[in-house]
Amino acid sequence: MIQGIQRRLFFNMPLKKSRNGTTFIDNLALPIHRWFRFSAGFSAIWVKEIISSEIGKRKGDVVLLDPFVGSGTSLLCADECRIKSYGIESQPFIAKIARTKTQWKCDINKFIKISHSVVRIANDHQVIQNNYPQLIYKCFDENTLLQLEGLKIAWNLLDDQTIESSLVWLCITSILRLASIAGTAQWQYVLPKKKKKSPLQPFTAFRNQLEVMVEDLSYYQINFKDPLSIFIEDNSMFTKVIPDKSINLVITSPPYANNYDYGDATRLEMSFWGEIKGWHDLQEKARKNLIRSCSHQAALVGQSLEKILSDPDLYPLVPEIKEKTEELEIEKENHGGKKDYHLMIAGYFSDMAKVWKNLRRMCKEGSVLCFVIGDSAPYGIYIPVDEWLGKLAIASGFKSFEFEKVRDRNIKWKNRKHKVPLKEGNLWVEG
């Protein structure tokens, strides 16, 4: 089977230039990257372009860090470019996906064997359990859920805590949305009221995904040596695992301060696997250690605006943040949801200030850092994210920053909440 798959490999073609680094769409045609669509990710082709440039300048002495590694894009790119890398992720479910994807040096035959056994056992499953969150019953019809649950039960029976078993877990996870009758919004929120016409049958989707994963694993094992990447499930604000002055290249995309709920992005998958039951579980298990980029997280921490603004790490921005957050606090009274955007914005920059301080500890002099970021305008009040993050970088000891605009935002959608022009691009920092 593997020899036949190897003959179909097509990834040795020259890389096309990435349009920009702000989109995950390039990755959907790339091995391993394509296993799980993570909308908050960025272009692997673009990451490799930056790594290759830095290797040329530094004569190969490059050590990469991605403090918000998401589903592992930058770590896989570093493995392909044969440099050492570290990736940090604090959202537990996304962390599990990244950890699995980056352990591509596995026994492919064992992975296939476990997968076939899972399907064989799943075929005998007859009864749907009644302890799923309501979201699951809204997203899958009875026959589909019966098959998916069979795959889950079979995997639980066969799980031996090996990487090959984790790959089977990811194979099942990757087909959940393909088999769901519910639609998915652009940013991975599940839309139970939006029905798809032709969801895939689970066993068919599983076999298709298995073939893709075997093909991709074969490609990596044929073309690259052992992985050099190190994945760390931790909080990038405080982690001490990475040695001082060990990093000279940072490529990352932190959460945007635009109320996107990174904790909720995998609610469907976490609900299916029994990791969460409802709102409380989502708060505690998915949002607790994330950068405060949405109002739900601000409520979870429960700090007052005065308390956040007293954070000494925020001192370079306090006058500006105080002015904007006071505007937001007044403006929220004019809106039905009364979202605590003032706490979100203050909390976001307080958290990011700590990230910059920790990066300064880890980065060598002369390091290059690239942050893919977007600005924000909650309730139509503009927040200059690029400028404020740059100022925090300087306050932490970095030497300079420059913002490179890549594209406009908030210009297409008919349902946008305001008409403030926004942008997205790369914040380059040197230090």
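The values are calculated or read from the model by the stated rules, or taken from the named source; none is laboratory data. Treat the numbers as computed from the prediction; the structure is a model and nothing was measured. All Cβ positions, glycine included, derive from the backbone under ideal geometry; neighbour counts span all protein chains shown.
In the range 137-152, of all residues being in contact (Cβ under 8 Å) with a residue 40 or more places away in the chain and among the aliphatic types (A, V, I, L, M), the one that is nearest to residue 270 (Cα to Cα) corresponds to 148. On inspection, residue 191 does not qualify as under 27 Å from the mean Cα position of the chain (by Cα), within 21 Å of residue 274 (Cα to Cα) and in a helix (DSSP H, G or I).
Taking every residue in the range 93-117 that is within 15 Å of residue 229 (Cα to Cα) and touching a residue at least 60 places away in the same chain (Cβ under 8 Å) and pairing it with any residue that is of a type in the set (Gly, Ala, Ser) and part of a helix (DSSP H, G or I), at least 6 positions away or on another chain, the pairs with Cβ-Cβ distances below 6 Å are 100/166.
May I ask you to list the residues in the range 287-322 that are buried (at least 16 other Cβ atoms within 10 Å of the Cβ) and in a loop (DSSP other than H, G, I, E, B)? Hits for the range 287-322 are 288, 289, 290, 291, 292, 293, 294, 303, 311, 316, 317. Evaluate the range 268-278: report whether one residue or more is part of a loop (DSSP other than H, G, I, E, B), β-branched (Val, Ile, Thr) and closer than 30 Å to residue 347 by Cβ. Checked the range 268-278: at least one residue is part of a loop (DSSP other than H, G, I, E, B), β-branched (Val, Ile, Thr) and closer than 30 Å to residue 347 by Cβ. Do we find a residue being over 25 Å from the mean Cα position of the chain (by Cα) and of a type in the set (Asp, Glu) anywhere in the range 123-138? Yes, there is a match, as at least one residue in the range 123-138 is over 25 Å from the mean Cα position of the chain (by Cα) and of a type in the set (Asp, Glu). Surrounded by fewer than 24 Cβ atoms within 10 Å (Cβ to Cβ), at pLDDT 95 or above and either within 11 Å of the chain's Cα centre (by Cα) or farther than 22 Å from residue 358 by Cα (or both): does that describe residue 40? No; evaluated as a whole, the condition is false for this residue.
Tell me, please, whether a residue that is in the same structural domain as residue 395 (by TED's automatic domain parsing), hydroxyl-bearing (Ser, Thr, Tyr) and farther than 27 Å from residue 360 by Cα can be found in the range 340-347. Scanning the range 340-347, I find at least one residue that is in the same structural domain as residue 395 (by TED's automatic domain parsing), hydroxyl-bearing (Ser, Thr, Tyr) and farther than 27 Å from residue 360 by Cα, so the answer is yes. Only residues that are within 13 Å of the chain's Cα centre (by Cα) and farther than 13 Å from residue 348 by Cα were counted across the range 288-298, and they come to 0.
For (1) in contact with a strand residue (DSSP E or B) (Cβ under 9 Å, 6 or more places away or on another chain); (2) outside the structural domain of residue 380 (by TED's automatic domain parsing); (3) closer than 19 Å to residue 355 by Cα, each residue gets a yes or a no:
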residue	(1), (2), (3)
233	yes, yes, yes
238	no, yes, yes
273	no, no, no
282	no, no, no
287	no, no, yes
292	no, no, yes
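Restricting attention to the range 157-180, does a residue exist that is over 30 Å from residue 106 (Cα atoms) and either at pLDDT 90 or above or in contact with a strand residue (DSSP E or B) (Cβ under 9 Å, 6 or more places away or on another chain) (or both)?
No, because not a single residue in the range 157-180 is over 30 Å from residue 106 (Cα atoms) and either at pLDDT 90 or above or in contact with a strand residue (DSSP E or B) (Cβ under 9 Å, 6 or more places away or on another chain) (or both).
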